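What follows draws every value from the coordinates through simple rules; no lab data is involved. All of these numbers come straight from a predicted model, not from anything done at the bench. Don't worry about glycine lacking a Cβ; one is built from the backbone with ideal geometry, like all the others, and counts go over all protein chains shown.
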Amino acid sequence: MDQINPDMTVLEVPCQNRQAEHIFRKYDAAAGVCLCCQALFDSVADLSRKYGLELEKLLADLETAAASRSDR
């Protein structure tokens, strides 16, 4: 599994790992919007800037979800 990086789009991340969609949904409340609906073509870095999300935490959460999925 490739590492999730800040230049990937929101669309690319769940295509690589379906568990990522759950992580984005977890951040919807903090962003105040459905991230998968409103930022699908934004990079993860742009999304974090646009909605005031902590990039390193978001990436860590996405990586954790990816790792837990690949451990099965």
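Tabulated data
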| item | result |
| --- | --- |
| Residues that are of a type in the set (A, V, I, L, M, F, W, C) and exposed (fewer than 15 other Cβ atoms within 10 Å of the Cβ), drawn from the stretch 16-30 | A29, A30 |
| Test for S43: is it in contact with a Leu (Cβ under 6 Å, 6 or more places away or on another chain) and hydroxyl-bearing (S, T, Y) | no |
| Which listed residue, of V13, V33, is surrounded by 12 or more Cβ atoms within 10 Å (Cβ to Cβ), without any contact (Cβ under 8 Å) to a residue 24 or more places away in the chain and in contact with a helix residue (DSSP H, G or I) (Cβ under 8 Å, 6 or more places away or on another chain) | V33 |
| Residue list for the stretch 18-72, filter: among the basic types (K, R) and part of a loop (DSSP other than H, G, I, E, B) | R18, R72 |
| Residue satisfying all of: in the stretch 44-64; buried (at least 18 other Cβ atoms within 10 Å of the Cβ) and farther than 10 Å from F24 by Cβ; nearest to the chain's Cα centre (by Cα) among these | L59 |
